[in-house]
């Protein structure tokens, strides 16, 4: 217990917790000096990163506690008439359903970020699923490809 109290007095709480775990599992004698120091330093580093993240999260002053895992994009991809449904069906043809859902979730997060950063209301009419100019270029490209294929066949 002397080592743990010294680590705590030096404000190395991550190392103290790891040392206590090593003592409880009786692994302190099995480890070499190098392995033991590596474990203790890794534990201290992890503890400091965790406390830094918690401090930043606390100081950010978010009104609501939420995480990305709580956002479910599946219902948005099934709502008839929404731009998300259109995008989902187009993506699901080319990609797997899960990848399409992830893409829709990302799209929703980008929209949420813009709404929060610009402090404006979300207007779905301003979300362009397809750019008409790009679609026109794609149509012309495919028409040229069809003509080229017809020449090759004839």
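Any read-out appearing in this document is the output of simple, stated calculations on the displayed coordinates, not a laboratory observation. Model, not experiment: these values are computed from the prediction. Virtual Cβ from ideal backbone geometry, glycine too; neighbours counted across all protein chains shown.
Descriptive notes on the structure:
- Distance cut-off 15 Å, percentage of C-alpha pairs in the range 2-60 lying past it: 53
- Modelled spin-label separation between residue 94 and residue 62, with each label point placed 7 Å from Cα along the Cα-to-Cβ direction: 3.2 nm.
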